[in-house]
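These notes are about the structure you will find just below.
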Amino acid sequence: MKAYYKKYILNFKQPSGTSRGILKTKETYFLIIENNGKRGIGECGLFKGLSIDDTPNYEKKLQWVCDHIHLSKDALLENLFNYPSIQFGLEQALTLLQNNHPFELFPSDFTLGKKAIPINGLIWMGSFDFMKQQINKKLQEGFTTIKLKIGAIHFEEEIALLRAIRKEYSPREIELRVDANGAFTETDALEKLKRLSAFDLHSIEQPIQPKQWQLMAKLCEQTPLPIALDEELIGIFTTKEKERLINAINPQYIILKPSLIGGFKGSNQWIATANAKRIGWWITSALESNVGLNAIAQFTYSLGVTMPQGLGTGSLFTNNFDAPLVVKNGYLHYNPKLQWNFNL
């Protein structure tokens, strides 16, 4: 058995705005394991400026995995304790190595093309007109759940945008989610939540910056609008720590990004912790290529989800890999008749 890795730069079709700035490229890595003529490919979806494993030693750790690929899966994962994106890439590659299909991790009605996953349409931050243009496009494409990134333009403009949507579409016609990426402050968070709640929103992601458990707990207790923890989960590794966070904050939802929280194993631990407290959850991608998105989608379907997930990011890049993943009428489909083209 041998392993190696390759770095790859994904180029956005158009600069995409978040509260952390404008994204033009996305760096990612592929871990490739070969054994007895078979190959397993896993994407280590490092997210610069957000991943807990965004460290100068990242590639050294990847090389360590390649040099020690003869060790057991458990031993490798244990050594990758602080590198959740590499954990995820390793899980993908080892799973695929055991299967008969190079990109089929969890065979199901989804991979057979019989069932699809409901997803939300993602609206990037920008000017009022730019965001409105994106919303109209998503509605024309058949989406009934839309997620808006907020916090980059003036709050009053965002309120006006939501008001315009609700004037035209009722909550039964369009489900609205917003993601503040920690843009609110201690002094204005609750008031902004109250104003946003007037538009019958499904939820708001991460209204304040993470690591403020006491303040977040207070917001979750007083909010008129369901709060979903996102960045808050990054860097929380053990089951004990996960239980402590959930018990301390008691959010309405948590959002799982496998590349940022330790892949399948880390996600399953969070799900078990949330389910024990009757806290809702959904899964989203973190700007991976179609390789990582495919793994997340197959895993997500295997969990029997029914609410829209955040898996509509495959069309963002000019140099993504051709894959059987197809977005149609607000659903992510897997078309087994389409071919993969993974060519680094």
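Derivation of every value follows stated rules applied to the coordinates shown; laboratory data play no part. Keep in mind that this is a model prediction, so the values were computed, not measured. Here the Cβ is made from the backbone with ideal geometry for all residues, glycine too, and neighbour counts use every protein chain on show.
Results, tabulated for the structure shown:
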item: Cut-off 11 Å (backbone N to label point 7 Å along Cα→Cβ of Lys328), residues of segment 144-184; result: none
item: Under 5 Å, built H, 5+ apart or other chain: amide partners of Thr145; result: Gly121, Glu175
item: Label-point separation, Asn319 to Ile159 (7 Å along Cα→Cβ), nm; result: 4.4
item: DSSP-loop trypsin sites (Lys or Arg not before Pro) across segment 81-160, with at most 14 other Cβ within 10 angstrom; result: Lys114, Lys115
item: Using alpha-carbon coordinates, inclination of helix 58-67 to the longest axis of the chain, degrees; result: 30
item: Additional length obtainable on full extension of the chain from Glu241 to Lys7, 0.36 nm per residue less Cα span; result: 81.1 nm
item: For segment 146-153, Karplus couplings with θ = phi - 60° (6.51, -1.76, 1.60), whole Hz, Gly/Pro x; result: 10, 10, 10, 7, 10, x, 9, 9
item: Mean Cβ neighbour count within 10 Å, used as a protection proxy, ranking 80-90, 269-279 highest first; result: 80-90, 269-279
item: Loop-resident sites, segment 1-84, for GluC sites (Glu not before Pro), counting at most 13 other Cβ within 10 Å (DSSP); result: none
item: Where trypsin sites (Lys or Arg not before Pro) fall in DSSP loop in segment 186-219, at most 13 other Cβ within 10 Å; result: Lys211
item: Entries of Lys147/Lys194; Lys137/Lys242; Lys242/Lys337; Lys115/Lys147; Lys7/Lys192; Lys24/Lys337 with Cα pairs more than 29 Å apart; result: Lys137/Lys242; Lys242/Lys337; Lys7/Lys192; Lys24/Lys337
item: Fraction of antiparallel bridges per DSSP, segment 117-334 only, in percent to nearest 5; result: 25
item: Most mobile of Leu77, Leu303, Leu62 in a GNM of the chain (Cα contacts under 10 Å); result: Leu303
item: Local net charge near Leu122, Cβ-Cβ under 10 Å (Lys/Arg +1, Asp/Glu -1); result: +3
item: Interatomic Cα distance distribution for the chain, bins of 10 angstrom, percent; result: 5, 26, 35, 25, 8, 1, 0
item: Cβ-derived FRET efficiency at R0 45 Å, Asp109 paired with Glu186, nearest 0.05; result: 0.45
item: Helix axis angle, 128-140 relative to the chain longest principal axis, alpha carbon, degrees; result: 70
item: Mean residue ellipticity (222 nm) of the chain, computed from DSSP H runs ≥ 4 via -39,500 (n - 2.57), nearest 500; result: -10500 deg cm²/dmol
item: Within-13-Å neighbourhood charge of Phe81 [Cβ basis; K, R +1; D, E -1]; result: -2
item: Angle between the chain longest axis and helix 155-168 axis [Cα atoms, degrees, rounded to 10]; result: 90
item: Hypothetical label at Phe130: residues of segment 277-301 whose amide nitrogen lies under 20 Å (7 Å Cα-Cβ projection); result: 287
item: Kirkwood hydrodynamic radius of segment 2-98, from inverse mean 1/r over distinct Cα pairs, in Å; result: 14.1
item: By average C-beta atoms within 10 angstrom, highest first, the peptides 1-14, 220-233; result: 220-233, 1-14
item: Fluctuation leader among Gly126, Gly266, Gly280 - the chain, Gaussian network, Cα springs under 10 angstrom; result: Gly280
